[in-house]
1. Being out of contact with any Leu (no Cβ under 8 Å at 6 or more places or on another chain) and either among the hydrophobic types (A, V, I, L, M, F, W, C) or farther than 21 Å from L12 by Cβ (or both) is true for just one of D66, D76, D99. Which residue is that?
2. Identify the residue in segment 1-23 that is in a strand (DSSP E or B) and over 18 Å from N104 (Cβ atoms) and, among all such residues, is modelled with the lowest pLDDT.
3. Does Q215 qualify as being touching a Leu at 6+ places or on another chain (Cβ under 9 Å) and surrounded by fewer than 20 Cβ atoms within 10 Å (Cβ to Cβ)?
4. What are the pairs, 6+ residues apart or on separate chains, where a residue within segment 149-165 that is of a type in the set (K, R) has its Cβ under 7 Å from a residue that is assigned to a helix (DSSP H, G or I) and surrounded by fewer than 17 Cβ atoms within 10 Å (Cβ to Cβ)?
5. Which number in (1) closer than 24 Å to I255 by Cβ; (2) at pLDDT 90 or above marks the one condition that Y198 misses?
6. Are there any pairs with C-beta distances below 6 angstrom linking a residue in segment 166-187 that is assigned by TED's automatic domain parsing to the domain that holds K241 and outside any strand (DSSP E or B) to a residue that is surrounded by 13 or more Cβ atoms within 10 Å (Cβ to Cβ) and among the charged types (D, E, K, R), with the two at least 6 apart or on different chains, and if so which?
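The values are calculated or read from the model by the stated rules, or taken from the named source; none is laboratory data. Just so it is clear, the structure is predicted and the values come from calculations on it, not from any experiment. In this analysis, Cβ positions are derived from the backbone assuming ideal geometry, glycine residues included, and neighbour counts consider all displayed protein chains.
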Amino acid sequence: MNDDLKLAFDVLNKLNIAVLERVEPMRYRFTGEAPPFYNSLFPPSETGACDEPWGYSPMLEIFVADAELFFERETDGIFSAGVWQEDGAIDGDCALTADAMFINGKQAIVIRLLEQDFRDRFAILNDARRQLLQTREMSKNLNVYKEKSRLDGLTGLINRTTFIELLANAIEQSDARQTNLSLIIFDIDNFKKFNDDYGHLAGDEVLRKVGAFLQSHCRSDDVAARYGGEEFCVIAQRVAKEETIKIGQKICDGIRAINNDLLPPITVSVGCATYKRGESAESLISRADLALFDVKRSTKNAVVFR
């Protein structure tokens, strides 16, 4: 071996690269000096480095079978394997990659140790994956937080702040589409006395049941909210006066029918108003609120429209 060729193989050895020259189909001759990893994985014979390493590596066996098909094409080029891990290297598990090369009529398989490269790249990829998962989890938690911050924790209905936002949006949609829009406000009659007589836990149970009733009985495109305390609101889309009153009466009758175990039946007073084109959300709320005030100072357990 001349000095230039020896130098080349010495460099390959230092770079943990092993070269097997293809002599004929499925017959190879190891060329140069075998790197330490190669002798560790593929035991040498009495004549030198192992010429058939695929006998010790199922992954390499698969690659060589594909490489043989590549060589049969007799076209210059390189066919590369992916990265795989092997057990039993000098320092434990390692990673290898292999290339089949057809250059100027010469055919060879080059096997390279990627132990440190692979671990570094794996660590980087794994860290990136972990950061991605953390980011997704943070985003998921943030979305859950945002969703929860828009709901009333006791009833599961949207809260007052979100209700105001959605009412303003509903008014914009009503103006744009020239459709009707109504607002229903109601509160539980004599709720303070109920709490005083039966306790706040019983009062909370009533509020939960009212929330559940609204969630199960409102139309799919209506919006129900806990406005505050024992007061609730419903934004009813595409309904005029008569139908709004009917919805208010269904709420009044339905909540009165709620059975709260052995406690007395609950009643509500309901105020309704239909949106007048061009008025503000505050004005619509005020008119529905005045209707509620009218029924509260008279009979209660009834519906009033303004």
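1. On the way: D76 fails: either among the hydrophobic types (A, V, I, L, M, F, W, C) or farther than 21 Å from L12 by Cβ (or both); D99 fails: either among the hydrophobic types (A, V, I, L, M, F, W, C) or farther than 21 Å from L12 by Cβ (or both).
The match here is D66.
2. If we filter segment 1-23 for residues that are in a strand (DSSP E or B), which is where we start, we get 17-23.
So of that shortlist, the ones also over 18 Å from N104 (Cβ atoms) come out as 17-18.
On the way: I17: 87, A18: 90.
Among residues in segment 1-23 that are in a strand (DSSP E or B) and over 18 Å from N104 (Cβ atoms), the one modelled with the lowest pLDDT is I17.
3. Details: touching a Leu at 6+ places or on another chain (Cβ under 9 Å): yes; surrounded by fewer than 20 Cβ atoms within 10 Å (Cβ to Cβ): yes.
Answer is yes for this residue.
4. Listed pairs, sorted by first residue: R150/T162.
5. So Y198 meets the others, but not (2).
6. That search, which allows pairs on different chains as well, returns T179/R238; N180/R238.
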